[in-house]
Every structure is written in C-alpha cells, then in structure tokens.
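Here the structure comes first, spelled out in structure tokens, and everything after it is commentary.
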Amino acid sequence: MSVGWHDLPGALLWITGGLLLVAGFIGFIAWDARRRRSSSVVIEVAGALARVWVAFTGVAVVVSVWRWFGGDVWVANMPASVTVPGLSCGGLGEPIVATAPTLVCGSISGVDVSLAGVDTGMRMLLAAGDVLTLIAIAAPAVVLAVACGQALKGVPFSRVVSRWLLIGALTMLVAGLGGELLSSLGRTILANEVFPSSGADVVSTGIYRVSVSWWPICAAAALGALAAIFCHGARLQHDTEALV
C-alpha cells in the first residue's frame, strides 16, 4: 500500500485509513466465522485473505494486459544515463561540512517514460513479463487458499495440499524468474532503441542489462520443503487412521 499527499499529516492519515479498512475487513471475517461457529477463526481469516489476494491479482493481470495494448505505453525505470547540471560527482574537491542533509552529488540510472509506436512483439514481451510476475505473486495465495480449505475440512495434511505446494513452488520459480527476466530484457532493448548513444541529456547506457532476483528461488525452495513436510504428515495421518 502506497499513498502520496502534499503534506505529511495527510499522507499518514490516508495510510492509517487504508490500514483501518483492512483491519475492519479482517474483523468482519473473524466475526462471521465466530457467528458460524467455525472450527478455526484464524484459518477462516487466512483463507478469505488468500481469496481476495487472488482476486486482486486477477484484476491486475487484466489491467496490465490492457495497459500494454491500449495505445501509448508507460514504461518505468528504463535504464539510461542522465546528465543533470550540478549533480555530477566528478571532480569533487574538499569534503562538504554540513549541519543538515545537503546534496553533494548524485546519479540517475533509470527514467520513467511514455512511448508511442512500440511494436506488437515488444508489447507482448513486456506484457508477458508483467503477467508472469503477477502469477508468481498469486501462487502463494492459491496454495494458502487450498491449504485453509483442506484444514477446515479436517484433513490439514491432505495430499491435495502437498501437491499444490509443489505446484506453487514450480510456479514461483518459473514465473518469478521468467517475469523479471522478460521485463528487464524488454526495458533494456527499448532503452537502447529510444535513447541516443550520445549528444543529449538523456542517452543510452549502451549496455543490455537483464536481471533476476533470489526471491523466486528462495520462495520455491520454501514451498518445496513445505510440500515434503506435508507429504510426510499425510503418511503419518494415514498410518494413524489405519491404526484406529
């Protein structure tokens, strides 16, 4: 959740209001679960939040696809080299003594731009990157919703849960890495096409910069470990039921 306002008290007020709305929704779900005498209020709340999470991500997928194919495209953080008078860090002299935060120098390595005339192939590449990233974001919510549903049925270590944990791990790994790779690849190709190589305040870096993060790998490893744990729990549950 991010809020911008023209003064700090207003921004804090809006962010507090948003958090209170979320708290009110959670409180309503908890009250409804108690009213229905649910076996676990916490699991009911977690399951409801997971379903809302999936629903919002689905809406975000539709908006993302529409954004890339709806005319001019807005691209955030395109790699570029920007020259700003008075901001260069070259040739610094004596250290500056300051009693308050004071700008010494800086650099700008990315710009947000609106582009026209982007070809269909590039739009598809950037849209695929966004959609894959959103799928990776939704994967834990789907797994959580399934796990909560099985727990409320009285079979928390059902093989369905371990199977979905494994599916979620693979989805996080492939979609997370693929989404970031495609998005960074599309942005760096566009930057080298749009910005001149020299002679302007904003120029191309001349470098094709692609990136992947560790978070999809770590998240996939965590979900895979949980899948193994739940699979072992399912075997223990089956053995216990067989003894009874």
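The values are calculated or read from the model by the stated rules, or taken from the named source; none is laboratory data. Every value quoted in this text rests on a predicted model; they were computed, and no experiment measured them. Note: ideal-geometry Cβ built from the backbone for every residue, glycine included; neighbour counts use all protein chains shown.
Test Leu182 against the criterion of being touching a residue at least 24 places away in the same chain (Cβ under 8 Å), part of a helix (DSSP H, G or I) and closer than 21 Å to Trp74 by Cα, and give yes or no. The answer is yes for Leu182. Can you find even one residue in region 59-69 that is more than 26 Å from Met172 (Cβ to Cβ), touching a residue at least 40 places away in the same chain (Cβ under 8 Å) and not acidic (Asp, Glu)? Yes, region 59-69 contains a residue that is more than 26 Å from Met172 (Cβ to Cβ), touching a residue at least 40 places away in the same chain (Cβ under 8 Å) and not acidic (Asp, Glu).
The lone criterion from (1) in contact with a helix residue (DSSP H, G or I) (Cβ under 9 Å, 6 or more places away or on another chain); (2) among the small types (Gly, Ala, Ser); (3) farther than 12 Å from Pro79 by Cβ; (4) at pLDDT below 90 left unmet by Ala225 is number (4). For region 1-52, the set of residues classified as in a helix (DSSP H, G or I), under 21 Å from Pro156 (Cα atoms) and not β-branched (Val, Ile, Thr) consists of Ala30, Ala33, Arg34, Glu44, Ala46, Gly47, Ala48, Leu49, Ala50, Arg51, listed by residue number. Taking region 185-204 as the range and being part of a loop (DSSP other than H, G, I, E, B) and either among the charged types (D, E, K, R) or touching a helix residue (DSSP H, G or I) at 6+ places or on another chain (Cβ under 7 Å) (or both) as the test, the residues that pass are Asp201, Ser204.
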